[in-house]
1. Residues in the range 217-228: is at least one of a type in the set (A, V, I, L, M, F, W, C), modelled with pLDDT under 80, assigned to a helix (DSSP H, G or I) and open to solvent by 30 Å² or more (accessible area, probe 1.4 Å)?
2. Can you pull out every residue in the range 163-199 that is within 25 Å of LEU141 (Cα to Cα), surrounded by 21 or more Cβ atoms within 10 Å (Cβ to Cβ) and aliphatic (A, V, I, L, M)?
3. Quick check on my filter: what residues within the range 76-101 are under 23 Å from CYS112 (Cβ atoms), assigned to a loop (DSSP other than H, G, I, E, B) and modelled with pLDDT under 85?
4. So, of the residues in the range 117-140 that are among the hydroxyl-bearing types (Ser, Thr, Tyr), in contact with a Lys or Arg (Cβ under 9 Å, 6 or more places away or on another chain) and part of a strand (DSSP E or B), which turns out to be nearest to GLY194 (Cα to Cα)?
5. In the range 39-58, which residue that is in contact (Cβ under 8 Å) with a residue 40 or more places away in the chain and open to solvent by less than 20 Å² (accessible area, probe 1.4 Å) is farthest from the chain's Cα centre (by Cα)?
6. I'm trying to understand the selection: among the residues of the range 102-116, which are modelled with pLDDT under 80, among the polar types (S, T, N, Q) and assigned to a loop (DSSP other than H, G, I, E, B)?
7. So which residues in the range 126-142 are within 18 Å of GLU154 (Cβ to Cβ) and either under 17 Å from the mean Cα position of the chain (by Cα) or at pLDDT below 80 (or both)?
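The values are calculated or read from the model by the stated rules, or taken from the named source; none is laboratory data. These figures come from a predicted structure and were not determined experimentally. Here the Cβ is made from the backbone with ideal geometry for all residues, glycine too, and neighbour counts use every protein chain on show. These accessible areas exclude ligands, DNA and RNA; they are computed on the full protein's heavy atoms, side chains included. Shrake-Rupley method; radii C 1.70, N 1.55, O 1.52, S 1.80 Å.
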Amino acid sequence: HSVDARLALNSLDEIAMHNCTVIDDYVDKIEPLKKGIQIFLKSKKELIFDKVILAAGSGSSRILRNSPINTDNIPLCFNGVGSALEIFSELNYLNKLETKHILRSPNRGGTCGIHMVQRSNSIYVGASSVVTDINLKSPRLGSVETLIKGAKNELGLGDILRQSMNILTGYRPISQDAVPVFGEFNSDLFLSYGHKRDGFTWAPFLSEIIENWINDENYNYEFGKYLELCD
């Protein structure tokens with residue numbers, strides 16, 4: 001089954017609302033204080049919090065660069081522009097594409113393989129990735145071509161060229177060495193970004209660690225426990 005991102009975010013709001021504040025604004029910089037952290041917003045507002053989780057994807061590097069914080073040992077994060085296809089039939093005489101399983105080809109270097117997931121009235125085919133420090137807002141033609149060829153040749157979706165499609169595009173932030181930046185920077189600031197394609201996969205692990213950090217509880221990085229869940 002695929003996960004509806006909106007349901008996941010609504011769930012996060014319910015969990016976080018009692019001891020977290022979610023700011024829907026553009027953050028210019030953050031500045032450590034003797035007690036807590038001050039946040040400077042583009043709307044000219046200034047807010048102070050006891051603790052801050054910096055999870056702004058590729059924007060995290062910009063915020064840190066603008067801030068009076070020593071970031072010499074923190075890898076930069078770049079935009080990875082990911083593309084996927086939503087394929088469906090607009091013509092009645094075409095057979096609707098259906099699958100009872102998630103089909104997936106092997107990984108291709110730094111990006112995941114071609115995978116196909118059933119949606120209610122369509123097939124989702126993903127995903128491509130272009131790593132860039134430019135804020136691209138549209139998919140590359142080569143990325144779309146790769147997805148179509150992969151669906152046809154690797155996943156056996158032979159009727160794909162007769163179907164209609166929507167092109168889905170979004171950022172897949174990635175660090176310089178492709179390893180996520182995750183952990184306690186100090187007792188007031190926690191960093192979590194650069195997960196590229198694995199944010200949802202690692203969400204249970206990340207949320208447990210962050211929850212314990214917010215509540216000042218001891219925590220251990222039990223990677224093995226979560227790797228077993230990904231088997």
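1. Yes, that holds for at least one residue.
2. Within the range 163-199, ILE174 is the sole residue that qualifies.
3. LEU97, GLU98, THR99, LYS100, HIS101
4. Among those that are among the hydroxyl-bearing types (Ser, Thr, Tyr), in contact with a Lys or Arg (Cβ under 9 Å, 6 or more places away or on another chain) and part of a strand (DSSP E or B), it is SER129.
5. Here the answer is VAL52.
6. The one that is modelled with pLDDT under 80, among the polar types (S, T, N, Q) and assigned to a loop (DSSP other than H, G, I, E, B): ASN107.
7. The answer is GLY126, ALA127, SER128, SER129.
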